[in-house]
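So the structure is just underneath, and the comments pick up after that.
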Amino acid sequence: MLTKTNIIGLSHINVIVNDIAEATDFYSRTLGFGLAIDKEGNIMDYPHFQLETFARDAGILDGKVDVDIRFLRHPKVGIYLEIMKYNYPVGERAFTVKRTYDMGGVRHIALEVVEIEQLFEHIKRQEGANLINPSEKYGPPEMLTPVPVKFFYWIDKYGVQWEFEQGRPVGDMRGIV
């Protein structure tokens, strides 16, 4: 039975990519993520990971999998990204970016930020990052009235929609320990 004490924290956000090194560079350059380190001090990087139990837990019932896995961690927020490239089985390689108001799937991941106007300009300059609306009329973020919050949406090169938001109180978040 699920109780309010069963869920104890956020573990990670998974993104499927076509190139681990390129994705590492992108998330480092665009969002400031770095390589994650486990409690023994090892980089959490697992190329060509092949384990039958992993495959079955992932719904690949024949137990055959070959996946590159790398964890990234944001040094300030502590949030982890698990970037993965499936070498086998190979899934769909194209994706359709949905609009903010389309139903189906998670629409965005929100991060609380400071200096939102500077981050808006930073994202506009990043190769592989696209504002939710390409119009020159979109932005900079405006204060919501009467709520003291500003935000904007952008979509990364892997189809993940992000929200940068400034103004809400920041809480604690647990990641991979």
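Among the residues of segment 2-51, those identified as surrounded by 13 or more Cβ atoms within 10 Å (Cβ to Cβ) and acidic (D, E) are E22, D45.
When Q118, Q161 are checked against the criterion of being free of Cβ contacts under 8 Å to residues at least 60 places away in the same chain and polar (S, T, N, Q), Q118 stands alone in meeting it.
Could you tell me whether I60 is surrounded by 14 or more Cβ atoms within 10 Å (Cβ to Cβ) and over 26 Å from W154 (Cβ atoms)? Criteria met by I60. Just for segment 79-110: of the residues that are at pLDDT 90 or above and aliphatic (A, V, I, L, M), which one is surrounded by the most Cβ atoms within 10 Å (Cβ to Cβ)? By that ranking, first place goes to I83.
Looking at segment 20-40, which of its residues are over 11 Å from R70 (Cα atoms) and either basic (K, R) or modelled with pLDDT of 95 or more (or both)? Residues satisfying the conditions are E22, D25, F26, Y27, S28, R29, T30, L31, G32, F33, K39. Among the criteria (1) over 13 Å from F164 (Cα atoms); (2) touching a residue at least 60 places away in the same chain (Cβ under 8 Å); (3) out of contact with any helix residue (DSSP H, G or I) (no Cβ under 7 Å at 6 or more places or on another chain), the one R125 does not fulfil is (2). Does segment 112-132 contain any residue that is on the phi < 0 side of the Ramachandran plot, surrounded by fewer than 17 Cβ atoms within 10 Å (Cβ to Cβ), in contact with a Gly (Cβ under 6 Å, 6 or more places away or on another chain) and not assigned by TED's automatic domain parsing to the domain that holds S28? For segment 112-132, residues on the phi < 0 side of the Ramachandran plot, surrounded by fewer than 17 Cβ atoms within 10 Å (Cβ to Cβ), in contact with a Gly (Cβ under 6 Å, 6 or more places away or on another chain) and not assigned by TED's automatic domain parsing to the domain that holds S28: absent.
Residues checked against (1) assigned to a strand (DSSP E or B); (2) over 26 Å from R107 (Cβ atoms); (3) polar (S, T, N, Q):
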residue: N14; (1), (2), (3): yes, no, yes
residue: E22; (1), (2), (3): no, no, no
residue: T30; (1), (2), (3): no, no, yes
residue: I60; (1), (2), (3): no, yes, no
residue: F71; (1), (2), (3): yes, no, no
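The values are calculated or read from the model by the stated rules, or taken from the named source; none is laboratory data. Here the structure is a predicted model, which means the values were calculated and not measured. Virtual Cβ from ideal backbone geometry, glycine too; neighbours counted across all protein chains shown.
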